[in-house]
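Novice: My questions will all concern the structure given below.
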Amino acid sequence: MQTIDLSKIGLREMNKTLHAQAANTNQTTWEIVNPKGAHAIACGLDAPIEVTVKGSTGYYCAGMNQQATVNIKGSAGPGTAENMMSGKVFVDGDASQYAGATGHGGLLVIKGNASSRCGISMKGINIVVHGNIGHMSAFMGQSGNLVVCGDAGDALGDSCYEARLFVRGSVKSLGADCEEKEMRPEHLEILRDLLAEAGSDAKPEDFKRYGSARNLYNFDVDNAAAY
Amino acid sequence: MCGIVGLFLKDKSLEPRLGELLTSMLITMTDRGPDSAGIAIYGGETQGRTKMTVQSDTPDVAFDGLDKALEKALGGSVSMRVKSTHAVLDIPAGTAANVRMLLTEMDRGIRMMSRGDSLEIYKEVGLPKDVAAQFDVSNMAGTHGIGHTRMATESAVTTMGAHPFNTGDDQCLVHNGSLSNHNSLRRKLRRDGIHIETENDTEVGAAYLTWQMQNGATLGDALKNSLDDLDGFFTFVVGTKDGFGVVRDPIACKPAVMAETDQYVAFGSEYRALVDLPGIETARVWEPEPATVYFWSHNPTSPTSAKAA
């Protein structure tokens, strides 16, 4: 295992070192010590490596991730795993606002709570939150799955497209054009796989599914006066 | 952007280090706003005395013999500590309004930064490290304090546009965000006789709290009402004689992190600001909820219901 002390080599050198790892690298396991809440740790990775950050991170940790697995052994700041394409990101603590925003693929697991705007404009990423999520989560979510083992805050799934939202606890309020939907066997299967991958022992049957009522998709001539 | 830090000490043994800890927290936040910086320190009070922190761009002239002149006009003892462009006037309790009037009459170009029994505010244009060094903040002791580093959006980069803003006796406010209805609110408050000096949005936020409390609201009520009456983005941290409070607007896009241990409660715009605090590894760290008023106080009777002085 390779260890990088962020307080010694600095952010740019650390990210440069991680970016230099190719698909066939032998150095597949990395540890970053002394993160001290720094921004943009392990951003833009594109190799099948595993990076473990020993502490809490600031803005945009593991942003734009492809292929890599990033473990955060603490809490994560705003925009964690933003625009992830593939790979996995695990946060042991809580995540601040807009975790997994605009993500196209991969898996983001938050063992604690996520703050507001979790999965905003998600485009294919899978997000599993063991705790609660804040308001405006999955706003304009286009595709992918957001799984919440705890409760959801206000305006869940506002203006969402085809993202699937699964919540075990209560939902404070649903956003515009978001509704509870029927849980079919194929959804239980998706949920079972995601919960297993995220290390949660929650039962798929305890969740409710929410999604788009599909009323905001198209221009309705009856609404012309509103514009 | 702007960066905010706050530290409320529970453990008395940390009190001599308050200035040092706050300074280090604020310097970490420098890249959230390099325009101006300020710090409010609650250093303790003396029975029968109160304090006024004043500022001048020409301190050599403005503060020369100021204590003696005030003493003569006031007929009570006045002492003065000059720190660079600021001076702390130690005056008899109950004479603050009188001293303020005398300072205006003297026409020495002196501006008031703060008034209160325990509070001192130091703020100037410049980087946190320079402003902290200018006033030797690192060597200041106290029970609690808040700091701010500004990225100006709504008004000019000046001393008077720097945070913290003094809202009432021993009360101050720092702000991360921007208020969009500050012009109409300023007109309304001025009509009601509230003194507002600058075109700054946060000063209107501070004046709003003052106005609310003059009309009988508690600080807790005033903060709750601000959620309805202020339009815009804000994370506010307010300092009071006994502690501090935190409130975020309902959208809560301006960041906030809190940490609590047996020794302190700390606030930072980012976790980075908190990483060098003692025992942070085992602290309870969380994000304050939107549209929720939080308070910590050294006074065991409810601080949110305490009337403004």
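Novice: Among (1) at pLDDT 95 or above; (2) not in a strand (DSSP E or B), there is one condition A:T3 misses while meeting the rest; what is its number?
Specialist: Against the list (1) at pLDDT 95 or above; (2) not in a strand (DSSP E or B), A:T3 comes up short only on (2).
Novice: May I ask you to verify whether A:L191 is surrounded by 24 or more Cβ atoms within 10 Å (Cβ to Cβ) and hydrophobic (A, V, I, L, M, F, W, C)?
Specialist: yes
Residue by residue, here is whether (1) over 20 Å from A:A23 (Cβ atoms); (2) at pLDDT 95 or above; (3) not small (G, A, S) holds:
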residue: A:A40; (1), (2), (3): yes, yes, no
residue: A:C43; (1), (2), (3): no, yes, yes
residue: A:K54; (1), (2), (3): yes, yes, yes
residue: A:Q66; (1), (2), (3): no, yes, yes
residue: A:G77; (1), (2), (3): yes, yes, no
residue: A:A81; (1), (2), (3): yes, yes, no
residue: A:S121; (1), (2), (3): yes, yes, no
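Novice: Collect the residues in segment B:233-292 that are more than 10 Å from chain A (Cβ to nearest Cβ) and hydroxyl-bearing (S, T, Y), keeping them in residue-number order.
Specialist: Of everything in segment B:233-292, those that are more than 10 Å from chain A (Cβ to nearest Cβ) and hydroxyl-bearing (S, T, Y) turn out to be B:T235, B:T240, B:T261, B:Y264, B:S269, B:T282, B:T292.
Novice: For the condition out of contact with any helix residue (DSSP H, G or I) (no Cβ under 8 Å at 6 or more places or on another chain), surrounded by fewer than 16 Cβ atoms within 10 Å (Cβ to Cβ) and assigned by TED's automatic domain parsing to the domain that holds B:G168, what is the one hit in B:D192, B:D276, B:D228?
Specialist: That would be B:D228, the only listed residue that is out of contact with any helix residue (DSSP H, G or I) (no Cβ under 8 Å at 6 or more places or on another chain), surrounded by fewer than 16 Cβ atoms within 10 Å (Cβ to Cβ) and assigned by TED's automatic domain parsing to the domain that holds B:G168.
Novice: Need at least 1 residues that are under 30 Å from A:N71 (Cβ atoms) per element, so show me which strands (runs of 3 or more DSSP E) inside segment A:136-227 make the cut, counting only ones lying wholly within it.
Specialist: Where strands (runs of 3 or more DSSP E) fall fully within segment A:136-227 and carry at least 1 residues being under 30 Å from A:N71 (Cβ atoms), they are A:143-148, A:164-167, A:208-212.
Novice: Also: Among B:G216, B:G232, B:G239, which is within 25 Å of B:K12 (Cβ to Cβ) and among the small types (G, A, S)?
Specialist: B:G239
Novice: Follow-up question, since we're still on this one. Specify which of the listed residues (B:V88, B:V99) is in contact (Cβ under 8 Å) with a residue 12 or more places away in the chain and out of contact with any Asp or Glu (no Cβ under 6 Å at 6 or more places or on another chain).
Specialist: It is B:V99.
Novice: Something else: Go through the residues of segment A:72-91 one by one and say whether even a single one is within 14 Å of chain B (Cβ to nearest Cβ), among the β-branched types (V, I, T) and in contact (Cβ under 8 Å) with a residue 24 or more places away in the chain.
Specialist: Yes.
Novice: Turning to a different aspect of this structure: Could you tell me whether segment B:158-178 includes any residue that is acidic (D, E) and farther than 24 Å from B:A97 by Cα?
Specialist: Checking segment B:158-178: not a single residue is acidic (D, E) and farther than 24 Å from B:A97 by Cα.
Novice: Oh, and also: Taking the stated definitions as given, is B:V204 surrounded by 16 or more Cβ atoms within 10 Å (Cβ to Cβ), aliphatic (A, V, I, L, M) and more than 23 Å from A:A114 (Cβ to Cβ)?
Specialist: It is true that B:V204 is surrounded by 16 or more Cβ atoms within 10 Å (Cβ to Cβ), aliphatic (A, V, I, L, M) and more than 23 Å from A:A114 (Cβ to Cβ).
Novice: Follow-up question, since we're still on this one. Out of the residues in segment A:115-143 that are over 9 Å from the mean Cα position of the chain (by Cα) and within 21 Å of A:D201 (Cα to Cα), which is farthest from the other protein chains (Cβ to nearest Cβ)?
Specialist: Among them, the one singled out is A:H130.
The values are calculated or read from the model by the stated rules, or taken from the named source; none is laboratory data. Just so it is clear, the model here is predicted, and its values are computed rather than measured. All Cβ positions, glycine included, derive from the backbone under ideal geometry; neighbour counts span all protein chains shown.
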